[in-house]
Structure formats: structure tokens, C-alpha cells
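S.K.: One structure coming up, written as C-alpha cells, with questions to follow.
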Amino acid sequence: MKKWLRLIKEQKLLLDIINVMIGILLIILAIIYFTHPNNYVIMIAALILAGTVNVINGIKRVIIHNKKSSIGFFVVGGFVYLISIFLIFQL
């Protein structure tokens, strides 16, 4: 176990692991939404997770690659959050 934790710290894989877990959850929510299309709560949760993935990718790009020009990830994440908020107020 210590070997895995050391490997995650050395390779800076924490954001990637979070990304994969959110991606799996996002796929599960998408499948549930496609089987029950009238359930907007699942769609809102999926949109919030998609925005979170974009923001995490932006954080990873800024921290690891030190590229300040990756503001697009934050803009797309913020836009998805705004769509989610709009849908919440429609309920």
C-alpha cells in the first residue's frame, strides 16, 4: 500500500485518479438518464460532474504543465455549471 501511495505522489497521479472516478460515475449517470429520460436530477448531477472534470483538467494543466493559457478548461467548466444552475431553477 505504501508503494502505491509513493507512486501516486511521485507521478502526480491524484488528479488523474479523481478524473477516472468521476468519469466512471458520469458514465453510470448517463446510462441511468438514458433509461429514464424524465429524471432531470440525474442530468443535472451529470452536468455538474462534467464541469468538475473540466475544472480538474484545467488545474492539472496549470499546476503540472505550468501553462497559463489553459483558461479554456475553466471557462467550459463554468459554462457547464451555469447550465446546471439554469436547469435547477427550471425544476
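S.K.: Which residue, of VAL62, VAL76, VAL80, VAL55, is touching a Ser or Thr at 6+ places or on another chain (Cβ under 8 Å), among the aliphatic types (A, V, I, L, M), without any contact (Cβ under 8 Å) to a residue 40 or more places away in the chain and in a helix (DSSP H, G or I)?
M.R.: When all the criteria are applied, what remains is VAL62.
S.K.: Checking the structure you have, find out if any residue of segment 24-42 is surrounded by 11 or more Cβ atoms within 10 Å (Cβ to Cβ), touching a Phe, Trp or Tyr at 6+ places or on another chain (Cβ under 6 Å), part of a helix (DSSP H, G or I) and without any contact (Cβ under 8 Å) to a residue 60 or more places away in the chain.
M.R.: Checking segment 24-42: at least one residue is surrounded by 11 or more Cβ atoms within 10 Å (Cβ to Cβ), touching a Phe, Trp or Tyr at 6+ places or on another chain (Cβ under 6 Å), part of a helix (DSSP H, G or I) and without any contact (Cβ under 8 Å) to a residue 60 or more places away in the chain.
S.K.: For segment 65-88, how many residues meet the condition of being at pLDDT below 80 and closer than 13 Å to VAL53 by Cβ?
M.R.: 2
S.K.: Another question, if that's okay. For segment 72-91, name all the residues that are aliphatic (A, V, I, L, M), under 18 Å from VAL62 (Cβ atoms) and exposed (fewer than 14 other Cβ atoms within 10 Å of the Cβ).
M.R.: Within segment 72-91, just VAL75 meets the criteria.
The values are calculated or read from the model by the stated rules, or taken from the named source; none is laboratory data. In this text the structure is predicted, and so the values were computed from the model without any measurement. Backbone-built Cβ (ideal geometry, glycine too); neighbour counts: all protein chains shown.
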